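Inspection log for the structure reproduced underneath, given as structure tokens.
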Amino acid sequence: MDDARHSLEAVFGRAPANGAPSGPDAPPESTIAIERVLVAGEEKNRTKTAEARLVRLNSRSLAALQRQRAFTQVAGGRVFQDPRTGKPWHSEEAFQRVYWKRILKRLGLRYRRPYNMRHSYATSMLMAGMTPAFCARQLGHTVEMFLRTYAKWIDGSQNDLEMARLENALTGNEAASNSATPVSGF
């Protein structure tokens, strides 16, 4: 089950669309190239948008990916494999049947598709204050598409912090950004 745990942890942190990437998979650096995908049991030699992209991994995902590689890729295989067979996953349904449903049940969570991890990752990035442009690139979206889907998570709860960033950029003085000055004369 450890190798499934590593896979889930790595996948959550990079939010792939339509299954995990295939091929030699993941370089050991802090980025991963998304060039091909597994969709409905079929490996596609291109992404949905027909554009490969580099996705930056956070430290947790990178560590999980490196742990997983010790189980799989070192032996000449792909990083993400079915731990029962040592072969690449043949479909998302097999993963759901063998691991996903059991994991959710053990956690006491209602069923949701593994694809929803993308949404969790996207909203986590926004809630951490990351820019929508960066988040969109991570997911392989245009900024417009990203905002159409996730704008409701940009709720304005950090308005003071946002204004402080602007003030700091305009004045170069961090102290000035921490004081509120009333605006008059308009």
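The values are calculated or read from the model by the stated rules, or taken from the named source; none is laboratory data. Keep in mind the model is a prediction, meaning the values are calculated, not measured. Glycine also receives a Cβ, built like all others from the backbone with ideal geometry; neighbour counts cover every protein chain displayed.
Couple of notes before you dig in:
- Here the helices (runs of 4 or more DSSP H) wholly within segment 79-159 that include at least 2 residues being not assigned by TED's automatic domain parsing to the domain that holds Leu65 are 116-127, 132-139, 143-150.
- Those residues of segment 124-152 which are touching a helix residue (DSSP H, G or I) at 6+ places or on another chain (Cβ under 6 Å) and surrounded by fewer than 16 Cβ atoms within 10 Å (Cβ to Cβ), in sequence order: Ala133, Val143
- Restricting the first member to segment 114-135 and to residues that are over 10 Å from Trp153 (Cβ atoms), and the second to residues that are modelled with pLDDT of 90 or more and polar (S, T, N, Q), the beta-carbon pairs closer than 8 Å and six or more apart or on different chains are Tyr121/Gln138.
- For segment 14-37, a residue qualifies if it is modelled with pLDDT under 70 and either more than 23 Å from Asp82 (Cβ to Cβ) or not in a loop (DSSP other than H, G, I, E, B) (or both), and exactly one does: Glu29.
- Taking first residues from segment 161-186 that are at pLDDT 55 or above and partners that are hydrophobic (A, V, I, L, M, F, W, C) and outside any loop (DSSP other than H, G, I, E, B), the Cβ contacts under 7 Å between residues at least 6 apart in sequence or on separate chains come to Glu167/Ala176.
- Some residue of segment 62-79 being at pLDDT below 90, of a type in the set (D, E, K, R) and in contact with a helix residue (DSSP H, G or I) (Cβ under 8 Å, 6 or more places away or on another chain): yes
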